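Visitor: Following this message is one structure expressed as structure tokens.
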Amino acid sequence: MTIFTLLLLGSCKKEKNFESEIASLPMDVHVERFDQLFANSKPEEFSKLKTDYAFLFSEKYKDSFWIAKMQDTLMHELAAEVDKNIKDFPKIETEIADLFRHLSFYFPRFQQPRVITAISYVDYRNKIFVNDSIAIISIDDYLGSEHKFYNGISKYIRDEFNEEQIVVDLAAQYAQNYIFQTEHRTLLDDMIYYGKQLYFMDKVIPFKTDAEKIAYTQEKLEWSKANEFQIWQYFVDRELLFSTDSKLPGRFINPAPFSKFQLEQIDNESPGKIGQFIGWMIVRSYMENNEVSFQEMLSKSAEEIFNNSNYKPQEK
């Protein structure tokens, strides 16, 4: 057996023990179904509900506003669709508990929050809210990509409206609390920021696939891997990495039906946010080639990570 093989086996064994240690951490998550409580409460029960969940009731509105909401037909229809379409709440709670175990392991100051579901009238731009003590999930944003309530929403957006995405979106919100990033000026800044976020998911939700972490289909992920060298060459040849062109995030970073290389065949085949994928590969390469902890990496600058990543995708 070669020394390389022994080192490889030792590395795998260490990682396995690492996950075993995390799995042993006590973590009991019970999602508070405020969506059901609100939908099933009577007006005379409002005062108690407001006392128990005061932070969910904006003082900008009188109690009469909220009582009317409790009786709103659309709200009740949304609540019924949640009950019908969210199939596996125990699995959701298990995945959230696994996320919290990993967060508490890597960030000892992390305190388990209350996890609460609410109906947002499909406010999909604010699907998840987290702070130090609560995590709020807009549960009506996860009814399934083909649900009738999402008609009129672009397919590339509603493709992420599935319950399997809940813990991914939750992890992404927590990532924002732990990632240090200077002002986003260049395409590389954006690429590394999202690369850090996706690597954060590698560590805190390793039970999710790479496709689920970046919200790609498996086919889109395979296309990105197969074309990684050509994508990288495109960025390098056109000197885009350090460009401050304000159009670049829309072309390569932001969610979209496809990335905009302005090359017809590639555009038609490519997934959106391909710059996030390349940033992820750069951060992975940096972690493989440097003796730095996961937590330390989160505070490194984009240029430091890039310059020390030894990132060299191979032509396939």
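The values are calculated or read from the model by the stated rules, or taken from the named source; none is laboratory data. Only a predicted model underlies this, so the values are computations on that prediction, with no experimental measurement involved. All Cβ positions, even for glycine, are placed from backbone atoms using ideal geometry, and neighbour counts span all protein chains on display.
Visitor: For region 119-132, does any single residue satisfy the condition of being exposed (fewer than 13 other Cβ atoms within 10 Å of the Cβ), part of a loop (DSSP other than H, G, I, E, B) and out of contact with any strand residue (DSSP E or B) (no Cβ under 7 Å at 6 or more places or on another chain)?
Guide: yes
Visitor: Can you pull out every residue in region 219-237 that is surrounded by 18 or more Cβ atoms within 10 Å (Cβ to Cβ) and under 20 Å from the mean Cα position of the chain (by Cα)?
Guide: 220, 221, 224
Visitor: Another question, then. Taking residue 215 as meeting all but one of (1) on the phi < 0 side of the Ramachandran plot; (2) at pLDDT 95 or above, write down the number of the exception.
Guide: (1)
Visitor: Something else about it: If you check residue 200 against the conditions, is it assigned to a helix (DSSP H, G or I), of a type in the set (A, V, I, L, M, F, W, C), in contact with a Phe, Trp or Tyr (Cβ under 9 Å, 6 or more places away or on another chain) and in contact (Cβ under 8 Å) with a residue 24 or more places away in the chain?
Guide: Details: assigned to a helix (DSSP H, G or I): yes; of a type in the set (A, V, I, L, M, F, W, C): yes; in contact with a Phe, Trp or Tyr (Cβ under 9 Å, 6 or more places away or on another chain): yes; in contact (Cβ under 8 Å) with a residue 24 or more places away in the chain: yes.
For residue 200, the condition - assigned to a helix (DSSP H, G or I), of a type in the set (A, V, I, L, M, F, W, C), in contact with a Phe, Trp or Tyr (Cβ under 9 Å, 6 or more places away or on another chain) and in contact (Cβ under 8 Å) with a residue 24 or more places away in the chain - is met.
Visitor: Here are some residues: 173, 218, 197. Which one is outside the structural domain of residue 302 (by TED's automatic domain parsing) and under 30 Å from residue 86 (Cα atoms)?
Guide: None of the other options fit; the residue is 173.
Visitor: Would you confirm, using the coordinates I've provided, whether residue 101 is assigned by TED's automatic domain parsing to the domain that holds residue 41 and at pLDDT 95 or above?
Guide: yes
Visitor: Restricting attention to region 137-158, report how many residues are among the acidic types (Asp, Glu) and surrounded by fewer than 19 Cβ atoms within 10 Å (Cβ to Cβ).
Guide: The number of residues fulfilling the criteria is 1.
Visitor: Follow-up question, since we're still on this one. Given the criteria touching a residue at least 60 places away in the same chain (Cβ under 8 Å), surrounded by fewer than 22 Cβ atoms within 10 Å (Cβ to Cβ) and not aliphatic (A, V, I, L, M), does residue 285 qualify?
Guide: No, not satisfied.
Visitor: Examine region 252-260 for a residue that is without any contact (Cβ under 8 Å) to a residue 12 or more places away in the chain and touching a helix residue (DSSP H, G or I) at 6+ places or on another chain (Cβ under 9 Å), and state whether such a residue exists.
Guide: Yes, region 252-260 contains a residue that is without any contact (Cβ under 8 Å) to a residue 12 or more places away in the chain and touching a helix residue (DSSP H, G or I) at 6+ places or on another chain (Cβ under 9 Å).
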